[in-house]
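Reviewing the structure listed below.
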Ligand code: FES
């Protein structure tokens, strides 16, 4: 009898705990969109609104990563050497042949979506980790991109994608 009395409240407690846990999960999943909507920048970005990049802040040879539509965008201020390498590279043998001139609006500025076209990792572009074509290297499975963001080696099938962008002024880039 004593055992039955003890067992009964335990089962009820379990139900309360389970119900409480479910309620907590429900509150969490409702709270996240509300919190997200309170952040105008996040909601603006999520909606795909254009973003501006101050090009004065990127020295020659520098790369910045900005976030647009939840994705990293690499904005690279290419050196003359990087431009020349991209322009002279033979298209024959490239997995996704595309002239550098078709990928940039101004030779000194390369703008690409920083998502590896293999399985979606973010390639590395810091000095010393750019891979043998001096572009980007994706360590996930070894894809190597050049200074035009074109795939040159490894399993990625396509070049880094170029997003829609425009030069609002000589020093302001608008992505989107
Ligand atoms: S995700 Fe980049 S090589 Fe596989």
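The values are calculated or read from the model by the stated rules, or taken from the named source; none is laboratory data. Keep in mind it's a predicted model, so treat the numbers as computed, not measured. Cβ: placed from backbone, ideal geometry, glycine included. Neighbour counts: every protein chain shown.
Could we say that residue 165 is in contact (Cβ under 8 Å) with a residue 40 or more places away in the chain and away from the ligand (no atom under 16 Å from the Cβ) here?
The answer is yes for residue 165.
Look at residue 72 and say whether it is within 16 Å of the ligand (Cβ to nearest atom), touching a residue at least 40 places away in the same chain (Cβ under 8 Å), in the same structural domain as residue 149 (by TED's automatic domain parsing) and within 13 Å of the chain's Cα centre (by Cα).
Answer is yes for this residue.
Quickly run through the range 94-127 and pick out the residues that are over 13 Å from the mean Cα position of the chain (by Cα) and closer than 17 Å to residue 144 by Cβ. Before you say what the answer is, go through the steps one by one.
Kept after step one, since they are over 13 Å from the mean Cα position of the chain (by Cα), are these residues of the range 94-127: 94-110, 118, 126-127.
94, 95, 96, 97, 98, 100, 103, 110, 118, 126, 127 - these are the residues of the range 94-127 that are over 13 Å from the mean Cα position of the chain (by Cα) and closer than 17 Å to residue 144 by Cβ.
Which of (1) in contact (Cβ under 8 Å) with a residue 60 or more places away in the chain; (2) closer than 22 Å to residue 81 by Cα is the odd one out, the single condition residue 124 does not satisfy?
(1)
Limited to the range 141-156, what total is found for residues that are more than 15 Å from residue 93 (Cα to Cα) and surrounded by fewer than 16 Cβ atoms within 10 Å (Cβ to Cβ)?
Residues that pass the stated criteria total 2.
What number of residues within the range 93-141 are part of a strand (DSSP E or B), within 10 Å of the ligand (Cβ to nearest atom) and either out of contact with any strand residue (DSSP E or B) (no Cβ under 9 Å at 6 or more places or on another chain) or closer than 14 Å to residue 161 by Cα (or both)?
1
Would you pick out the residues in the range 142-152 that are touching a strand residue (DSSP E or B) at 6+ places or on another chain (Cβ under 7 Å) and either outside the structural domain of residue 64 (by TED's automatic domain parsing) or assigned to a loop (DSSP other than H, G, I, E, B) (or both)?
147, 148, 149
Could you grab me the full set of residues in the range 73-93 that are at negative phi and exposed (fewer than 15 other Cβ atoms within 10 Å of the Cβ)?
80, 81, 84, 87, 88, 90, 91, 92
Given the conditions (1) closer than 25 Å to residue 52 by Cα; (2) buried (at least 19 other Cβ atoms within 10 Å of the Cβ); (3) away from the ligand (no atom under 13 Å from the Cβ), which single one is not true for residue 174?
The number of the failed condition is (2).
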